[in-house]
Amino acid sequence: MSETTKGKQFFTASKLFFLLIVIPLLLVAFLITKGMFELGDTARKRAAVVLDEKLQDEIKLRAVNVADEVAGFLRERERDMLITTILPTTDTAYKEFMNKNKQPLWVKKEGRIVKVLAPLYTEMSLVDKAGNELIKIVGGEIVPKAKLLNVSISDPANTTYKSEDYFSKAKDLAKGNVYMSHVTGWYVNRSEFEKGKRFTGIIRMATPLFDKEGFAGIITLALDARYLAKFTDSIIPTKAGYVLEADASTGDYAYMVDNRGFMISHPNDYHIAGLYRNGTPVPPVTDKTLDEMTKKGEGVLNLNLLGFMDSALPEIAGDAAAGKAGSKTYKFAGHTKFVAYAPIEFFTKSYPEPAGFGWVGMGVDVEKFNETAMKTSKHIEEEATAWMTTIIIIIVASVIILFLIGILLARGISRSIETEVPPESREAHYYDDEDK
């Protein structure tokens, strides 16, 4: 076989190999690289979108849903209170009722986050018409008769939080109605909070009892306020999942406000309304007391009184207290704030319409959210670049290896042809060519 024929065969084999293997491989490489680039670019652009209309609507809807969940939860607790009126009036029956009413609660224990089944109610008591405790269960244990007290309005210091007036409030209710207090508990200041202490208050519930002679006394339950707080403490408005505690420093968190404007659930517990140990309430921050209370580590917030910080705050509280759901974007301390709010439509004599129990708020610091989004987009871009570089290196190496394999195959084909064709045939063929 002539050198020209060998060259043609080698070129033909190489060309077929290039057309059937190398070109498709390069095309796939191009499509993968283009896809990775477009994916990274799209993800980056989406991450950089700051609270677009769709996200704002999602946060508004979430605020409404959480407010409805809270209202439903409170109605269930109201039913529990009425159920207690048909229980046998014995300490055993009351203790059993408390032990049966448990729900899961996520808590931090020994540095770990664990799920525990805890009682909904921390206290239960039966009080006669003069205000004397007849039966009392605290923390699942029966209080000895010798330690039972009078909790009438004349002796409020005998109540758990030294100033409760649930006896007089429940005494004036009609049969089947339930008194429900505001969130009550010992105040947790900033120093205590930073050391790990958390607010652990209650909502006191009470309903009157009647016999043939009329008013006969009251039954009380103390709802663990942590079950109320968990509706908002675990939410990050811009994310779908849940956390044990949201971080207020991100500006991306939910909170709860009562019908007076006081904060009753917040990632920073020192903003929650509470009591000093003598039973007097810790005063809320005002323009005149801000510096003094900040030095003391006290920061109880009442949004109706925060107009000196931003006029939008009492406006939001006013809208929610009027039973309206909505959202507002405003400037605060040089930052753009977005807040979605929704009323908690739970109404009783203690929580009349239109304000009801209070409202749920979900706030986002737009600048901080944008900063986080840009960091995310940069990370996505770096990841996409790294993947593209790796893919290109692998593809180039593959092309080189396949090209070398193609050369070897082409040479092998040429040698095979030379071996299989007899010399006589090659000579005859040579003379035929010569004759031509």
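What to note about this one:
- Net lengthening on full extension, Ser249/Glu76 (0.36 nm per residue, minus Cα-Cα): 58.9 nm
- Relative pair counts by distance (%), Cα atoms of region 46-120, 10 Å bins: 15, 25, 26, 22, 8, 4, 0
- Per-residue ³J(HN,Hα) for region 123-132, Karplus 6.51 cos²θ - 1.76 cosθ + 1.60, θ = phi - 60°, Hz, x for Gly and Pro: 9, 8, 8, 10, 10, 7, 5, 9, x, 8
- Exceeding the 29 Å Cα-Cα cut-off - candidates Lys145/Lys230; Lys328/Lys368; Lys162/Lys328; Lys175/Lys197; Lys145/Lys212: Lys145/Lys230; Lys162/Lys328; Lys175/Lys197
- Nearest-20 debye value, region 50-91 charge dipole, Cβ charges on Lys, Arg, Asp, Glu: 100 debye
- Radius, Kirkwood style, for region 144-221 when every pair of distinct Cα atoms is counted (Å): 14.3 Å
- Label zone at Asp310 (point 7 Å along Cα-to-Cβ), backbone N below 20 Å, region 56-84: 56-64
- Normalised per residue, the accessible area of region 240-312 is 46 Å², obtained with a 1.4 Å probe and no contribution from ligands, DNA or RNA.
- Between Leu55 and Lys288, the C-beta separation translates, for a Förster distance of 51 Å, into a calculated FRET efficiency of about 0.85.
- Whole-Hz ³J(HN,Hα) from phi, Karplus 6.51 cos²θ - 1.76 cosθ + 1.60, for region 205-214, glycine and proline x: 10, 8, 9, x, 10, 9, 10, 4, 8, x
- When each of the peptides 203-210, 105-112, 83-90, 359-366 is scored by the mean number of other C-beta atoms lying within 10 Å of its residues, the order from highest to lowest reads 359-366, 203-210, 83-90, 105-112.
- Karplus 3J(HN,Hα) series, Hz, for region 107-112 with 6.51 cos²θ - 1.76 cosθ + 1.60 (x for Gly, Pro): 9, 9, 9, 6, x, 10
- Eigen-decomposition of the gyration tensor built on the alpha-carbon atoms of region 166-323 gives equivalent ellipsoid semi-axes of 31, 18, 17 angstrom, largest listed first.
- With eigenvalues of the C-alpha gyration tensor scaled by 5 and rooted, region 77-148, Å: 27, 15, 10
- Rough spin-label spacing in nm, given labels placed 7 Å along Cα→Cβ, for Thr329 and Lys197: 4.1 nm
- For region 278-362, the Kirkwood radius over C-alpha pairs fed into Stokes-Einstein at 4 °C and 1.567 mPa s yields D = 91 µm² per second.
The values are calculated or read from the model by the stated rules, or taken from the named source; none is laboratory data. Computed from a predicted structure; not experimentally measured. Please note: Cβ atoms are built from the backbone with ideal geometry, for glycine as well, and neighbour counts cover all protein chains shown. Side chains are part of the model used for accessible areas, which takes the heavy atoms of the whole protein and leaves out ligands, DNA and RNA. Shrake-Rupley method; radii C 1.70, N 1.55, O 1.52, S 1.80 Å.
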